[in-house]
Amino acid sequence: MPANRTKGDEAVSADGEGAKAPIPTSVDSTMTKPWIRLAPNKRYFMFEDGTPFFPIGTALNGACIAYDATEAQFVDYLKSMQAHGENFLRIDLEGFSWNDTKEEVARKVKRGQIPFLENPPGTFHEAYARRVDTLIALAEQYGVYLELVIPSHTCTLEENFASYPYFKGNGGPVQTVQLLRTDEAAKALWKKRMEYVVDRWGKSPQVFMWEIWNEIDVPTCGCGNGSESAAWAEEMGCYLRDYETARYGKAHLIGLSAGDFYITSPDYQFFYTTRGTDVLQSHYYTKSRNMLNPVREALDIKATVANHVQLAGYRKPYLENERQMLVDNPKVMAGDLQELMMGTVKDVEHHALWAYLASGAAGAGATWAPRIERVPSSVAESAATMRPFLALFDLAQVDSRPFADQISLSHPQVITLAVGDGQTVIGWLLHDTSLDYDIELVNAGRKTASLSDPKSKDLRKLQMLSKWKLLLDQAGVETRWDDGLRKLSGVLQANLGMDQAAADRAVDKLLAEPQRFVAQAMATRMKDAPPGTARKLGAALMQVADSAWQHFESIETNQQALEHLYKGHPPVETTVTVSGLVDAPHTWIWYNDDDGNVISQQEVAGPTVSATSPTFRKHVAFVIRPAR
């Protein structure tokens, strides 16, 4: 991000006179503003003056600071965030663009087109630091709070480490990214980096949180030994907190993210207990998100958040701080399919935001956007309607626990997501129209040339066929799908040298994530394969897919199975009975989370209360709060 105030590129050594980095005036003057900290219940965030803070926003690659975005683009982006009620941006201090190949990165670094905060390690560059100054000043102007990821974006760093200053061949201390966490010289330099970051930007209240590593559990993001990562996280997190406290008398919150949304690996259970972090964080990249079903996504979030906060003993808030982008992502959809499905994409993001709130997460998460290309963001509309709801109660005072088990409904197709503490209950009713969403996706795919054209080479056709087949099963239609599975298995056996059992198992992975499967197959099994094997495999897979697609189309033409299944998200209402409340007067407020308006409110009293919901098609929100 070219900064207007840059006057030069003076290098400051961490061992020299400039070890305490100068703090820009625009940042220094805001020290009197309150910082964000944990609420007393350790479930949510609040400012030092007691005002609750519920982060809603997006995540950007640090390449946007380094070279992949202009200051004008940041202004437009942050201005749009402010206009829609988004208040949270997560961004790495450095990064390489996903749009650049390894060779392009090397060339740009050699030409000086990709700058770094420190180069060589331990020597900090004023011109680069001013880019971050500019971002912080803009964030202050537009009311956006930053989670600053201290390393370069680790998932592009792993591939491009030979172009990074910390690489041994460039005068750095280590040969691999993983050694940054075990090599003593590298750790000493990393502490100097954290000191510089705190000295330079730690005084700013726009810094919501420091993140000490991105996706530390993912091999392509510098994953190493789990126990070594645990030791590093505790050492670095505690050092950062202690250094900042000594400098300012207080410290910003500290996070560390997992790439596995569910944090299932035994090696990474330290996330729940480490003293090195204040916040529990993971990223939402799952197979189900690819298939654009908002209801299933909401239920996945509900179960996962409840599990995380329970495993953390309700002593650390949970915040998803990056989730897979759905817009402009060719792995999910692009072109004609994206145009048809934009409404569903917004539904998916809307369900994610509200599911996080009603499941006890400390924020609404952050959709990943590797570049600043889309303004407003895909969460903007939902952020705008959530803000007035959050103003109806004091979230920082809610010692929330899962509360859905205390709520009964009269309608069998309505699902409750709710958290509360007996004083306050935050709820979201979800109409289970999963089937309608699946049918809408398949019908959109049938209309797009990228999937329906027999000449199409889009592997997502396999995913769509898998979903289509499940719908036809529900309609009781015979599909001969097993014939297709055998053919797919045969293709894998013939082209990848798999035995039948391995190929049969691989078909499930192929149907779930065909592009990732083929990429992995090419990396592991095609290394020594004859030229043209990849093309032959792709052609054979698409031949099977085209045959199945034509067969399914003939079924629909003759039987209209999808048409008969589709209900169109019909309106519903339900009686809601809530028990477990404090025996005192309460106000029950119904809220339209689509348009951001209160629908109605009523006074209730007693440990058990009932009300009839407004009529709704997809979802409706409510809060039960102490009467005022």
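The values are calculated or read from the model by the stated rules, or taken from the named source; none is laboratory data. These numbers were taken from a predicted model, which means no experiment stands behind them. Using ideal geometry, Cβ is built from the backbone for each residue, glycine included, and neighbour counts are taken over all protein chains shown. Just so you know, the surface numbers come from the protein's heavy atoms only, side chains and all, with ligands and any DNA or RNA stripped out. Shrake-Rupley method; radii C 1.70, N 1.55, O 1.52, S 1.80 Å.
Between residue 477 and residue 245, what FRET efficiency follows from the Cβ-Cβ distance if R0 is 56 Å, with the result rounded to 0.05? Provide the component values of the computation, followed by the final result.
On the way: r = 65 Å, r/R0 = 1.16.
Result of the calculation: an efficiency of 0.30.
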task: Kindly write out, for the range 218-227 in residue order, the coupling ³J(HN,Hα) from the Karplus curve 6.51 cos²θ - 1.76 cosθ + 1.60 (θ = phi - 60°), rounded to whole Hz, with x marking Gly and Pro.
output: 9, x, 6, 10, x, 4, x, 5, x, 5
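Hey, could you get me the Stokes-Einstein D for the range 23-138, Kirkwood radius over alpha-carbon pairs, 20 °C and 1.002 mPa s, rounded to whole µm² s⁻¹?
Values: Rh = 16.5 Å.
This corresponds to a translational diffusion coefficient of 130 µm²/s.
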statement: So the carbon and sulfur contribution to the accessible area of the chain, 1.4 Å probe, in percent, is 50 percent
- line: In Å, the Kirkwood hydrodynamic radius from C-alpha pairs for the range 461-599 sits at 19.0 Å
field: Square roots of five times the Cα gyration tensor eigenvalues for the range 115-188, Å
entry: 27, 13, 11
- line: Calculated from DSSP helices alone, with each H run of at least 4 adding -39500 (n - 2.57) and the total divided by the residues of the chain, [θ]222 nm to the nearest 500 comes to -13000 deg cm²/dmol
- prompt: HN-Hα J couplings of the range 596-610 from phi, Karplus 6.51/-1.76/1.60, θ = phi - 60°, integer Hz, Gly and Pro as x?
  reply: x, 10, 5, 8, 6, 8, 8, 8, 9, 8, x, x, 10, 9, 9
task: Using all C-alpha to C-alpha distances in the range 430-497, build P(r) with 10 Å bins and read off the rounded percent in each one.
output: 17, 41, 33, 8, 1
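If R0 is 51 Å, what FRET efficiency do you get for residue 99 and residue 303 from their C-beta distance, rounded to 0.05?
0.90
Students often get this wrong, so check it: of 487/509; 102/192; 457/487, which have C-alpha atoms separated by over 20 Å? Write out the running numbers ahead of the final one.
On the way: 487/509 15 Å; 102/192 28 Å; 457/487 17 Å.
102/192, as the Cα separations exceed 20 Å there.
Volume per residue, Å³, of the convex hull around the alpha-carbon atoms of the chain?
Spelled out: Cα convex hull of the chain, divided by residues, is 158 Å³.
Given contacts defined as C-alpha pairs under 8 Å and at least six residues apart, what's the relative contact order of the range 575-622, whole-number percent? Each step should come with its number before you reach the end.
Values: 78 pairs, mean separation 22.6, N = 48.
Computed value for the range 575-622: 47 percent relative contact order.
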task: Excluding residues on the same chain fewer than 8 positions from residue 108, give the lysines whose Cα lies under 21 Å from its Cα.
output: 168
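So between residue 188 and residue 371, what do we pick up on full extension, going 0.36 nm a residue minus the alpha carbon distance? Each step should come with its number before you reach the end.
Numbers: separation 183, 0.36 × 183 = 65.88 nm, distance 3.21 nm.
Stretched fully, the residue 188-residue 371 segment lengthens by 62.7 nm.
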- line: Here FRET efficiency (C-beta to C-beta, residue 554 to residue 311, R₀ 56 Å, nearest 0.05) is 0.65
field: Cut-off of 10 Å, at most 11 other beta carbons, DSSP loop: longest stretch of the chain lacking such GluC sites (Glu not before Pro)
entry: 18-372
- request: Calculate, in nm to one decimal, what residue 535 and residue 336 gain on full extension: separation in residues at 0.36 nm each, minus their alpha carbon distance.
  value: 69.2 nm
